[in-house]
Amino acid sequence: MVIEIPRPVDTDADRGRHRTRTLETRTLHIAMIGTRGVPACYGGFETAVEEIGRRLVERGHEITVYSRGASTRTSEYLGMRVVHLPAVSVKQLETLSHTGLSAVHAVFGRRTDAAFVFNAANSPFLPVLRARGIPTALHMDGLEWKRSKWGRRGKAYYRWAEEFGVRTADALIADAPGIGEYYDREFGVPTELIRYGAPILDDAPTDGIRALDLTPGGYHLVVARFEPENHVLEIVAGYRASSATTPLVVVGSAPYAAEYTQRIRAAAGDDPRIRFLGGVYDQDLLDALYFHATSYVHGHSVGGTNPSLLRAMGAGTAVLAYDVGFNHETLDEHGLFFADAAELTRRIDALDRDPALVARLAGPAKNRAALAFHWDDVTSAYEDLAKRLAGRESMHRLGRRARRRASDVL
């Protein structure tokens, strides 16, 4: 006699658990879209793509990075597949044109389990990806519409793109608590809080800085694009009014802001203590500049967790930061703060004459960077989100009807 054993009922919960187990073990193909790509030699997005992408490859995933304007045309970098596509070389169209081509390539290319799209401005291309069945997370970055480099139309576009991204993405990534709070307050939608990582430096060669006629531990450092919201003008003016004997080294430029650059140069005058190095794209030299500085002066006021600030913290350099919530939260108060040029003058004088104060700030800031901003932890958060997206978890039902609530105006 044959006894038939009843087969268990395959419930939705059972199928969900099976899908979760499958996603935990199988390789995912993840696309990273909307940046200049790899190798990283430009900004925070590019560094994040490189650091996260290579770690995801080490964990067994397939990563495709869309790149533009790279100095090398290699099709693979640190295990990541690199797709080079053109872009319109106009300020307002460069990012959008490249992202549009990248989205089309992803739609007609190999199977993609999840896509990470960086920059809220690229939100118009999310429906293209989602129509192909590619779940998409949008990295919102900072509050770009507040940046002075954009005219009224540019600001209006960024505000529209924010709202469109909220209504079309499967997930939103915020890199700081303040950014998450903004989207909750403005639109009533959740975000994924995923930080950047901080490179931790315990040593750096001195050859590069000595070639610049700088002394280890003998200069204050600024690294920033020359834009009003980065307060380079106030930093230079405040430093010039100080009695500091340690020089101020300014790294950065402003390809679209000649008038603001002239104002900065005028504020410096002929003060021999102020050194302008222009853009520095040698990453080893930048590491050395951060590591050997007496202090790092951070004037950024728009955005979330700033990679330049993390770099200084990880190098064990004392920080003097602009007095805004994002910087207080990132530093966890392990720094000095300034609200205007006059206050910066007082802070610089204090740092210049008190090595003990410099040491008291540097150690805790480096510990904060090591504990709270670790690239392996950041990668785990991206990996977890990719798995959830591939498993069809989405905030789209909530976000698609969202409208801006608060009264922020242009």
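The values are calculated or read from the model by the stated rules, or taken from the named source; none is laboratory data. Just so you know, these numbers come straight off a predicted model, no measurement behind them. Here the Cβ positions follow ideal geometry from the backbone for every residue, glycine too, while neighbour counts run over all protein chains shown.
Going by what's in this entry, would Arg132 be described as out of contact with any strand residue (DSSP E or B) (no Cβ under 7 Å at 6 or more places or on another chain), over 16 Å from Ala48 (Cβ atoms) and not aliphatic (A, V, I, L, M)? It is true that Arg132 is out of contact with any strand residue (DSSP E or B) (no Cβ under 7 Å at 6 or more places or on another chain), over 16 Å from Ala48 (Cβ atoms) and not aliphatic (A, V, I, L, M).
If I filter the stretch 202-233 down to residues being part of a loop (DSSP other than H, G, I, E, B) and among the β-branched types (Val, Ile, Thr), which single residue comes out as nearest to the chain's Cα centre (by Cα)? Before you say what the answer is, go through the steps one by one.
Within the stretch 202-233, the first condition is being part of a loop (DSSP other than H, G, I, E, B), and the residues that meet it are 202-206, 212-219, 224-227, 231.
Retained after the next criterion (residues that are among the β-branched types (Val, Ile, Thr)): 206, 215.
Details: Thr206: 28, Thr215: 30 Å.
Top of the filtered list is Thr206.
For the stretch 16-36, filtered to residues that are touching an Asp or Glu at 6+ places or on another chain (Cβ under 7 Å) and under 18 Å from Trp375 (Cβ atoms), the residue that is modelled with the highest pLDDT is Ile30.
The condition of being in a helix (DSSP H, G or I) and within 25 Å of Ala161 (Cα to Cα) holds for Leu389. Condition test on Thr261, is it in contact (Cβ under 8 Å) with a residue 60 or more places away in the chain and assigned by TED's automatic domain parsing to the domain that holds Asp332? Considered against the rule, which asks whether it is in contact (Cβ under 8 Å) with a residue 60 or more places away in the chain and assigned by TED's automatic domain parsing to the domain that holds Asp332, Thr261 comes out as no. Return the only residue of Val117, Val128 being at pLDDT 95 or above, assigned by TED's automatic domain parsing to the domain that holds Ala386 and farther than 21 Å from Thr379 by Cα. Only one candidate qualifies: Val128.
Checked against the criterion of being modelled with pLDDT under 90, within 22 Å of the chain's Cα centre (by Cα) and not aromatic (Phe, Trp, Tyr), the stretch 70-78 contains one or more residues that satisfy it.
Report yes if Ser301 is in the same structural domain as Val236 (by TED's automatic domain parsing) and assigned to a loop (DSSP other than H, G, I, E, B), otherwise no. In short, yes. When Ala103, Ala114 are checked against the criterion of being in contact with a Phe, Trp or Tyr (Cβ under 7 Å, 6 or more places away or on another chain), surrounded by 23 or more Cβ atoms within 10 Å (Cβ to Cβ) and under 19 Å from Met32 (Cα atoms), a single residue qualifies: Ala103. Criterion applied to Ala362, Ala350, Ala267 was being at pLDDT 95 or above, in a helix (DSSP H, G or I) and either in contact with an Asp or Glu (Cβ under 6 Å, 6 or more places away or on another chain) or closer than 15 Å to Gly252 by Cβ (or both), and the one residue passing it is Ala267.
Checked against (1) surrounded by 20 or more Cβ atoms within 10 Å (Cβ to Cβ); (2) in contact with a strand residue (DSSP E or B) (Cβ under 7 Å, 6 or more places away or on another chain), Leu143 meets all criteria but (2).
The number of residues in the stretch 75-88 that are surrounded by fewer than 19 Cβ atoms within 10 Å (Cβ to Cβ) and out of contact with any helix residue (DSSP H, G or I) (no Cβ under 9 Å at 6 or more places or on another chain) comes to 4. Return the residue satisfying two criteria in turn: it lies in the stretch 262-303 and is more than 20 Å from Arg240 (Cα to Cα) and hydrophobic (A, V, I, L, M, F, W, C), and of such residues it is surrounded by the fewest Cβ atoms within 10 Å (Cβ to Cβ). Of everything passing the filter in the stretch 262-303, Val280 is surrounded by the fewest Cβ atoms within 10 Å (Cβ to Cβ).
Residues of the stretch 156-177 include at least one that is at pLDDT below 95, closer than 20 Å to Pro124 by Cα and surrounded by fewer than 16 Cβ atoms within 10 Å (Cβ to Cβ).
Which one is surrounded by the fewest Cβ atoms within 10 Å (Cβ to Cβ) among residues in the stretch 46-74 that are farther than 18 Å from Arg110 by Cα and among the acidic types (Asp, Glu)? Per the criteria, the residue is Glu58.
On the stretch given as the stretch 33-71, residues that are under 24 Å from His300 (Cβ atoms) and either part of a strand (DSSP E or B) or not assigned by TED's automatic domain parsing to the domain that holds Ser123 (or both) total 0. Against the list (1) modelled with pLDDT of 95 or more; (2) surrounded by fewer than 16 Cβ atoms within 10 Å (Cβ to Cβ), the condition Glu259 fails is (1).
For the stretch 321-345, name all the residues that are free of Cβ contacts under 8 Å to residues at least 60 places away in the same chain and either within 16 Å of Pro247 (Cα to Cα) or assigned to a helix (DSSP H, G or I) (or both). Within the stretch 321-345, Asn327, His328, Leu331 meet the criteria.
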